[in-house]
Amino acid sequence: MVKVYKFKLVSIILIIASLLFSLCGTFDIDSYAANVKNPVSQHGRLKVSGSNIVDKNGKKFQLVGMSTHGLAWYPEAVSEKTLKTLRDDWKCNTIRLAMYTEEYGGYCTGVENKKQMLSRVDNGIKLAKKLGMYVIVDWHILSDGDPLIHKKEAKSFFKRMAKKYKGYNNIIYEICNEPNNTSWKANIKPYCKSIIKTIRKYDKRSVIICGSNTWSQDIHEVSQDRITGYKNVAYSLHFYANTHTDWLRQRLTDCHKNGLCVVVTEFGTCDASGNGGFNKSETVKWLKLLKKYKIGCINWSLSNKEETASAIKSGTDISKLKKGSKQLTKSGKLIRKWFRKM
């Protein structure tokens, strides 16, 4: 009886092994493994805890990724191949979708442009979901420095987003990119409270990121006058390494130690114009600080525009970004190198 039992057990094991071998020939194992280990499947829904973003296990989590340039001008960057390269080769966990509001082709510049922007944001969100990446939906105010100018349009946009994607655990809302020449207390804070209220009617948990005055640099003002009554609210800081140096790093350090949750949703390796002044040493100082405190960092920009801040060489098909650094600018090479070890 023992011999019969052993024979049957061996037969069962052989059958199972044969089935597994057969399945291996049917599925792309490398692709399957990559998807199983994607950032969202590992870390789940994010939330704000004190000065940091934390994952589903309560562990500090650093958002690391790239921002598109304007979706009206460089939509081809948001392709499955390019995002997959960012995820697997650059080790990015996040893509930021920069949707300009008032600039040429922006959301607030006409009915057809609005439809086009909605379509491109939807595409980016769905690709990020498919690839298991976090996605920042960026209401990219710039020339319209006071967010109250397009508050009505912003409420309509974020209502649509929150209703449509409330079940997604990878979505983050950045509700005012770079307010400027305005006031935190009188303009930006009331706007943010209104948009947060709109989002929270439908999406109770996603992280919402608010900008501050002076192109999202005045986080010290926010630190002394925060938005209350809502959970999972963070604040953005933007810097360009050749322009914003020790003084802004100290401001960030002070605010972080004061319990303010800050995410660097946009930074460049050059001067604030985006073109000129590539500064490797100052960029590295920033990245070391962000890594130390586990503060999220999103680089500007995933584009082939002929300017210093672009990560991709001019003339490159940015919808087909390849592994390695041959297609990258000096900025892109530096960012990829650092992101791979963040």
Problem - Candidate set from segment 211-234 (those that are of a type in the set (A, V, I, L, M) and outside any loop (DSSP other than H, G, I, E, B)); member that is surrounded by the fewest Cβ atoms within 10 Å (Cβ to Cβ) - result: Val233
Practice task
Can you confirm whether segment 111-123 contains a residue that is of a type in the set (A, V, I, L, M), buried (at least 17 other Cβ atoms within 10 Å of the Cβ) and in a helix (DSSP H, G or I)?
Solution key: yes
Completion exercise
Checked segment 44-78 for anything under 17 Å from Lys313 (Cβ atoms) and either under 15 Å from the mean Cα position of the chain (by Cα) or among the charged types (D, E, K, R) (or both); matches are Met66, Thr68, His69, Glu76, Ala77
Exercise for the section: Name every residue in segment 198-210 that is more than 18 Å from Asn177 (Cα to Cα) and either surrounded by fewer than 21 Cβ atoms within 10 Å (Cβ to Cβ) or touching a Phe, Trp or Tyr at 6+ places or on another chain (Cβ under 6 Å) (or both), in order of residue number. Expected result: Arg200, Lys201, Tyr202, Lys204, Arg205
Exercise for the section: Can you confirm whether segment 310-318 contains a residue that is in a loop (DSSP other than H, G, I, E, B), touching a residue at least 40 places away in the same chain (Cβ under 8 Å), in contact with a helix residue (DSSP H, G or I) (Cβ under 6 Å, 6 or more places away or on another chain) and closer than 20 Å to Tyr100 by Cα? Expected result: yes
Exercise for the section: Restricting attention to segment 235-255, report how many residues are of a type in the set (A, V, I, L, M) and part of a strand (DSSP E or B). Expected result: 1
Exercise for the section: Inspect all residues belonging to segment 117-124 and state whether any of them is touching a helix residue (DSSP H, G or I) at 6+ places or on another chain (Cβ under 6 Å) and among the hydroxyl-bearing types (Ser, Thr, Tyr). Expected result: no
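Read the figures in this text as sums done on the coordinates, not as results from a lab. Computed from a predicted model, the values in this text were never measured in an experiment. Glycine gets a Cβ as well: all are built from the backbone with ideal geometry, and neighbour counts include every protein chain shown.
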